[in-house]
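The values are calculated or read from the model by the stated rules, or taken from the named source; none is laboratory data. Here the structure is a predicted model, which means the values were calculated and not measured. Positions of Cβ are generated from backbone atoms using ideal geometry, with glycine treated the same way; all protein chains shown enter the neighbour counts. Note: areas computed on protein heavy atoms with side chains; ligands, DNA, RNA excluded. Shrake-Rupley method; radii C 1.70, N 1.55, O 1.52, S 1.80 Å.
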Amino acid sequence: MAAAQAADERCLWRPRVLREYSFIADGERGALVAPDGAMVWLCAPAWDSPPVFAALLGGRGGYQLTPSDPWYVWGGAYESGSLIWRARWVGAETFECREALAMPADPHRAVILRRIEAHDGPARVDLVLELGTPRRRVQGLKRSKGAWTGQAGSLRFRWTGVRRARKDADGRLVAKVTVPAGTHHDLVLEISDRPLPGGTPDAGLAWEATEDAWRAADVDCAGLVASRDARHSYAVLTGLTSRSGAMVAAATTSLPERLGGVRNYDYRYAWIRDQCYAGLAVAAHGNHGKLTGMTRFVTERLLDDGPDLAPAYTASGGRLPEERRLRLRGYPGSRPRAGNKVRAQFQLDSLGEALQLLAAAGTHDLLGSDDWRAAEVAACAIEKRWRQPDAGIWELTDELWTHSRLTCVSGLRAIAGVAPRAGAQASRWTGLADSIMASLDASVHRTGRWQRTPSDARVDAALLLPVVRGAVPIGDPRGQATVEAIKDELTDDGFVYRYRDESRPGRAEGAFLLCGFWMALSAHVRGDDVEAAHWFERSRSACGPAALYTEEYDPLQRQQRGNLPQAFVHAAMLECAVRLSAAANVNL
């Protein structure tokens, strides 16, 4: 009996390769959905809350809506400019499930909308709802007025549209639903850390509000290369960005960079660096509302913490929790954990990136008095700390990372370029940038390229970014030599690795997609847009059917690696599309 039950569990919530998952989000939380209709990951009420659907990491909890007849093929697509996903199953009958997290989002209440739409015949589906983890089993499960309600720990839930559901021996709600051809059937699941509002929700009104919210957040990407993917990347960034202006790095934790390896982290937090990458991408496209919120979040953190700026914060602006193991089996090849060790790190480049974001906002005339004060705070923090070792962009050991110092040079020069001409700040910031640059002679390799640190002669793909952001002039021989060295040493089949770790045999991780897009941008600023298009298209190809990017990509197995979806990769894809399109339009 136990063996049969275990086999059933494996069938119900079995893991999938990452490229097969779709993603829905409302800015305050996000969910992953498998191709069989199993919603296997959702943290509520906030991004970094404990998971209520933990099946992705081998825990309890999931929400399955799948064809009753297992003889089907799956597919799906997003409605343009949104994270409204349309799953599609073709078998004896063809039907779709339209699904979304309802918007505008309530930070205390997640609302999952699922609409079954029958097309050329009746849609017959099996439903399973299981909430909780081993520490949070459902309590008080009951049916009243056509809805099921219950409580898992401090969370309350209500599920409507399943009048005939029943509770099975494991405490899960199960049901079978048949939807006649040409009609639809709505399911609404609410999960809240506060008492639920009275009365059952109106699914039609919830769908209308969600559609309106996505239309309001959408941007016109019609003039861009890869316009559909660029528009979708913007939607992903929207889905990952809270009303606080904070953008989480990814919706998940503990998805491994290499199966069977130990590198897996909790990315459900807002990294200052990633926030700035996304803000620069949005600013390159135009003066969109999202840029204001992203800038505000960084300004607030600078004013609060000054030279002690943390690398990352919770979406509400709080400090990250200590890293700890989760009592879950884990995605295959991973050790699940929550929290992140960066809470104790100093990352100098975040200060430089913050200045670049403020400068980009300044080009759109978005800087107020608080933002200028934050710029001064960041510049003073750089002046105070640029000689100190830091953990660097890859969050390794404390060293005098060349990339960190060059990023500060880029940021100082960028903010000086938008400062009021009559002010003394601009000359002071430019002078500090010159001082930092003059100190970097020890970071030039004997071949004339930049090296990782004064004592580490290896090349690093992060050294592409100073070329892109203007730390040195476009024709600077150190920058050109660095690009060529990265091509020679860190690329494979059109993909780019961030660095070689000689302490471990073979490659310890996949190609780093962010670096592939940086390679495209570096070719663009050097005037080679044919090469830029090559790197851009190669990196752009590393997604699945839902056009979502992870942090890394295994070119040999053609598999995604790392947390999903990775915000900074979508930001880099969007920025590439914008900048390469500008070049294409000039050359017409």
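Temperature 37 °C, viscosity 0.692 mPa s: under these conditions the Stokes-Einstein estimate for region 63-183, based on its Kirkwood radius over C-alpha pairs, is 208 µm² per second.
Taking a sphere under 11 Å around the Cβ of ALA92 and counting the other residues whose Cβ falls inside, with K and R at +1 and D and E at -1, yields a net charge of -2.
Put a dot 7 Å past the Cα of THR178, heading toward its Cβ, do the same for VAL17, and the two dots end up 3.7 nm apart.
One quarter of the surface of the convex hull around the alpha-carbon atoms of region 23-89 equals 4.9 nm², the direction-averaged projected area.
Peptides 463-470, 492-499, 268-275 ordered by packing proxy, namely the average of other Cβ atoms within 10 Å per residue, highest first: 268-275, 463-470, 492-499. Taking only the alpha carbons of region 376-508, we obtain Rg and Dmax values of 15.7, 56 Å in that order.
Taking the 1.4 Å solvent-accessible surface of the chain as the whole, the part contributed by carbon and sulfur is 50%. From the Cα gyration tensor of region 135-174, with a ≥ b ≥ c the square roots of its eigenvalues, which class applies: rounded if a/c is under 1.5, or else prolate if a/b is larger than b/c, or else oblate? Oblate, because a/c is 1.5 or more while a/b does not exceed b/c. Based on C-alpha pairs under 8 angstrom that are at least 6 apart in sequence, the chain has a relative contact order of 13 percent.
D by Stokes-Einstein for region 528-585, Kirkwood Rh over Cα pairs, 37 °C, 0.692 mPa s: 271 µm²/s. Secondary-structure-derived ellipticity at 222 nm for the chain, considering helices only, amounts to -11000 deg cm²/dmol, per-run term -39500 (n - 2.57) for DSSP H runs with n ≥ 4. Between CYS380 and HIS445, the FRET efficiency from the beta-carbon distance, with R0 = 45 Å, is close to 0.90. Rg then Dmax, both in Å and based on the Cα atoms of region 138-220: 15.4, 51. For the chain, the alpha-carbon radius of gyration amounts to 0.98 times the rule-of-thumb value 2.2 N^0.38 Å expected for a compact globular protein.
Rounded, prolate or oblate: pick one for region 471-557, where a ≥ b ≥ c are the square roots of the eigenvalues of its C-alpha gyration tensor, a/c under 1.5 means rounded, and failing that, prolate if a/b is larger than b/c, else oblate. Oblate shape, in that a/c is at least 1.5 and b/c is the bigger or equal ratio. Extension gain for VAL525-ARG88 works out to 153.1 nm (0.36 nm per residue, less the C-alpha to C-alpha distance).
Annotation: region 169-266 has a Kirkwood hydrodynamic radius of 18.4 angstrom, from the mean reciprocal C-alpha pair distance.
Modelled label positions at SER369 and ALA169, each set 7 Å beyond Cα in the direction of Cβ, lie 7.0 nm from each other.
The convex hull of the Cα atoms of region 354-447, projected and averaged over all directions, covers 6.9 nm².
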